[in-house]
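Below is one structure, written out as structure tokens; the observations come after it.
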Amino acid sequence: MDTFLSDKSHLKLISLDSGICNPEIELAMYSIFHEIVCVDISERRLQGAENTAKRLGLNNITFVCADVGNYHFEEEYFDIAFFNQSLHHFDSIYH
């Protein structure tokens with residue numbers, strides 16, 4: 001984090017097929033992240049992640065239950081697109 005993002009602030013990250021969001025929750029602990037959005041199709045996994053984030057007092061991370069193939073977001077809104085062990089599920093990452 002200190003090596004690559006030390007000069008950054010107010011970053012917005014989207015995580016696609018985020019599962020239980022462990023890496024995203026860890027990233028949310030860094031003040032450089034203004035907004036983190038985790039998108040996954042499993043409501044159960046996201047609920048567990050949301051409970052963890054609440055327990056840790058994180059307010060810069062949100063959880064969206066949706067099929068990422070049909071989830072739309074504003075182009076160039078996010079600074080970082082995060083795929084943690086999920087990229088192989090996509091036919092194309094370009095829209």
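Observations on the structure shown:
- Number of positions in region 12-36 that are touching a residue at least 40 places away in the same chain (Cβ under 8 Å), touching a helix residue (DSSP H, G or I) at 6+ places or on another chain (Cβ under 9 Å) and part of a strand (DSSP E or B): 3
- Selection from region 37-68 of residues that are β-branched (V, I, T) and in a strand (DSSP E or B): V37, V39, I61, T62, V64
- Test: C21 is on the phi > 0 side of the Ramachandran plot and either out of contact with any Phe, Trp or Tyr (no Cβ under 7 Å at 6 or more places or on another chain) or of a type outside the set (A, V, I, L, M) (or both): yes
- Some residue of region 78-88 being within 14 Å of the chain's Cα centre (by Cα), at pLDDT 90 or above and not in a strand (DSSP E or B): yes
- Tabulated pairs, region 73-95, first small (G, A, S), second at pLDDT 55 or above, C-beta under 7 angstrom, 6+ apart or interchain: A81/I14; A81/L16; S86/L16; S86/D17
- Here the condition is being in contact with a Ser or Thr (Cβ under 7 Å, 6 or more places away or on another chain) and modelled with pLDDT of 95 or more; of V37, V64, it holds for V37 alone.
The values are calculated or read from the model by the stated rules, or taken from the named source; none is laboratory data. Here the structure is a predicted model, which is why all the values come from computation and not from measurement. Every residue, glycine among them, receives a Cβ derived from its backbone with ideal geometry; neighbour counts consider all protein chains shown.
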